[in-house]
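One structure is given below, encoded as structure tokens.
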Amino acid sequence: MDTLPIFLSVRGRQVLVDGGGPQAARRAERALSAGAEVTVFAPEPGDDLLRLAEGASLGLRIERRVPVEADLEGCLLVYAMSEDAARNALLAGWSQAHGALCTVADAPDLSDFASPSIVDRSPIVVAISTGGAAPVIARILRAKIETMLSPLYGRLAAFVGGYRERIARAIPDTRARRHFWERMIDGPAGDLFAAGDAEGAALRIEADLARSTVQQAPQQGEVYLVGAGPGDPDLLTFRALRLMQRADVVLYDRLIGDEILSLVRRDAQRIYVGKLPKEHTMEQGDISSLLVKLAKQGNRVLRLKGGDPFIFGRGGEEIELLAEHGVPFKVVPGITAAAGCGAYAGIPLTHRDHAQSCLFVTAHGRDGMLDLDWETVIRKGQTVAVYMGLGNLPALVEGFARHGVSLKTDIAVIEKGTTPDQRVLTGTLEDIVAKVEAEGFESPSMIIIGSVVRLRTRLAIGKRAVEEEPHGLSLSPTAEAG
Ligand SMILES: C[S@@+](CC[C@H](N)C(=O)[O-])C[C@H]1O[C@@H](n2cnc3c(N)ncnc32)[C@H](O)[C@@H]1O
């Protein structure tokens with residue numbers, strides 16, 4: 001972050017705007033709506049400014065002249081919006097001398113702050129900035145947020161804001177208080193308010209408040225076992241996001257990237273329990289026990305896992321222990337690596353003419369040895385998606401050959417699938433080991449075996465297609481290695 005986002009209180013403070021054009025009028029209007037005392041300097045005020053002067057009540061003064069240094073006395077903010085660059089620069093210098101913060105039109109280097117795009121649902125205000133890099137993106141985002149953020153939220157915030165002090169007094173424990181607020185807003189009281197029944201919502205809050213003051217004993221927490229998908233944060237489900245925002249503590253794996261982790265509630269405690277192949281940071285049993293312990297302390301515990309928690313994710317073992325200890329839990333499926341990697345590499349896992357089934361297997365058997373039911377693996381008309389297979393790739397290829405599968409069979413290896421670092425290598429069983437070694441592929445890598453791999457070339461999905469059509473079938477910037 002290059003700048004510090006803050007919401008500044010300007011009520012009753014002096015704001016100077018220099019310029020008579022529409023930009024100056026917009027800045028003046030915004031400062032006025034936040035309660036500032038605004039003086040606009042404009043020898044020739046434009047239509048927007050004149051209209052503003054007609055509509056605005058107290059707080060706005062228009063001076064039909066250019067400002068002089070003495071006008072900066074007592075100013076908190078200065079908007080240099082005139083069309084005269086030299087005048088704007090002069091104003092920026094005066095502002096510095098008088099300790100006022102200044103912003104200069106089209107001159108970020110001279111500016112102390114930038115005016116963000118905003119969505120106003122007062123008292124809720126969303127501000128968006130691209131640091132001046134791409135104001136159009138800020139406008140597009142604003143339009144999206146405008147449609148997502150119903151005006152109801154502003155009214156709801158004002159309504160529940162009235163209970164703030166009472167709730168703080170009634171529930172002194174910070175975590176219990178936050179849970180109460182969440183239950184209130186995301187639950188029946190919020191629903192009643194949304195349905196236009198403010199009175200019913202108020203009664204509900206009173207009842208909940210009375211109950212929570214009686215039951216001050218710590219409540220039982222719960223565990224959210226959430227699949228975060230293979231890497232691209234865009235592949236998270238809405239439900240995953242909602243629970244990520246609700247957690248008090250998060251236990252996460254090596255496969256969870258920083259981008260996804262940054263979507264977890266900011267002040268949630270983060271515990272890394274990741275594992276590298278053949279290296280365990282925390283034993284599985286210890287992770288499951290920690291989940292139980294944290295939930296019993298009253299926490300909402302987020303167990304964030306790569307891909308889907310129930311596909312080679314040991315999610316089953318974790319919920320077994322939770323159930324044994326009577327800890328409530330929710331499981332949220334995620335996009336598994338085979339599906340994500342296939343889609344982003346442009347390899348359909350099934351296809352009428354190539355494969356009528358797809359088998360998910362792990363090449364990481366007990367003690368790290370291959371432990372496959374070969375009769376099932378080598379079936380015709382089937383794609384085989386191999387998880388945790390990179391280390392055992394030579395043994396895998398040897399196994400296929402030993403069971404009579406042609407060495408000309410197509411195979412793809414996808415490293416860091418769906419992320420900006422995705423690499424895709426295609427070849428045959430005969431040459432894939434040498435290619436993988438030459439390119440230095442690392443974990444996590446997904447192996448896909450079967451003639452569907454060939455469709456990648458036929459559908460012309462590769463580096464060229466991706467570069468020309470970033471929003472096409474293969475969304476990620478694939479670096480071709482094979
Ligand atoms: C312990 S398994 C977890 C699988 C996960 N539960 C799922 O549903 O995708 C880890 C293996 O998944 C595969 N994998 C996970 N994410 C991947 C990615 N982004 N790109 C390629 N392979 C990935 C790799 O084979 C890796 O060794």
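Would segment 16-31 turn up any residue that is over 23 Å from Pro108 (Cβ atoms) and either modelled with pLDDT of 95 or more or of a type in the set (D, E, K, R) (or both)?
First, the residues of segment 16-31 that are over 23 Å from Pro108 (Cβ atoms): none.
For segment 16-31, residues over 23 Å from Pro108 (Cβ atoms) and either modelled with pLDDT of 95 or more or of a type in the set (D, E, K, R) (or both): absent.
I need the full set of residues from segment 386-411 which are of a type in the set (Gly, Ala, Ser) and under 17 Å from Phe441 (Cα atoms), in order please. Even if it seems obvious, please write down each step before you answer.
Within segment 386-411, the subset of a type in the set (Gly, Ala, Ser) is 389, 391, 395, 399, 401, 404, 406.
Residues satisfying the conditions are Gly389, Gly391, Ala395.
Name the residue that is surrounded by the fewest Cβ atoms within 10 Å (Cβ to Cβ), counting only residues in segment 324-338 that are part of a loop (DSSP other than H, G, I, E, B) and within 13 Å of the ligand (Cβ to nearest atom). Please lay out each step first, then the result.
Step one: filter segment 324-338 for residues part of a loop (DSSP other than H, G, I, E, B), giving 325-328, 333-336.
Applying the additional criterion that residues be within 13 Å of the ligand (Cβ to nearest atom) yields 333-336.
Working: Pro333: 18, Gly334: 26, Ile335: 22, Thr336: 24.
Restricting to residues being part of a loop (DSSP other than H, G, I, E, B) and within 13 Å of the ligand (Cβ to nearest atom), the top hit is Pro333.
Residues that are surrounded by fewer than 20 Cβ atoms within 10 Å (Cβ to Cβ) and aliphatic (A, V, I, L, M): find the helices (runs of 4 or more DSSP H) completely inside segment 185-247 holding 2 or more of those.
Values: elements: 188-194, 198-214, 238-244.
Passing ranges, in order: 188-194, 198-214.
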Please pick out the residue among Leu110, Leu91, Leu50, Leu72 that is modelled with pLDDT under 95 and farther than 17 Å from Arg26 by Cβ.
Leu110
Hey, could you check segment 279-314 for residues that are out of contact with any Asp or Glu (no Cβ under 8 Å at 6 or more places or on another chain) and charged (D, E, K, R) and say which is farthest from the ligand (Cβ to nearest atom)?
Lys296
What do you reckon, is Gly257 more than 16 Å from the ligand (Cβ to nearest atom), touching a Gly at 6+ places or on another chain (Cβ under 7 Å) and not polar (S, T, N, Q)?
no
Can you pull out the residues in segment 431-456 that are within 15 Å of the ligand (Cβ to nearest atom), in contact with a Leu (Cβ under 7 Å, 6 or more places away or on another chain) and of a type outside the set (A, V, I, L, M, F, W, C)?
Glu439, Ser443, Pro444, Ser445
If you scan segment 138-157, which residues turn out to be among the polar types (S, T, N, Q) and in contact with a Gly (Cβ under 8 Å, 6 or more places away or on another chain)?
none
Output the residues belonging to segment 351-368 that are touching a residue at least 24 places away in the same chain (Cβ under 8 Å) and out of contact with any helix residue (DSSP H, G or I) (no Cβ under 7 Å at 6 or more places or on another chain).
Gln356, Ser357, Cys358, Thr362, His364, Gly368
Of the residues in segment 74-115, those that are buried (at least 18 other Cβ atoms within 10 Å of the Cβ), of a type outside the set (A, V, I, L, M), in contact (Cβ under 8 Å) with a residue 60 or more places away in the chain and not in a strand (DSSP E or B) number 2
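The values are calculated or read from the model by the stated rules, or taken from the named source; none is laboratory data. It should be emphasised that the depicted structure is a prediction, and the values quoted were computed from it without experimental measurement. Neighbour counts are summed over all protein chains in view; Cβ atoms, including those assigned to glycine, are modelled from backbone coordinates with ideal geometry.
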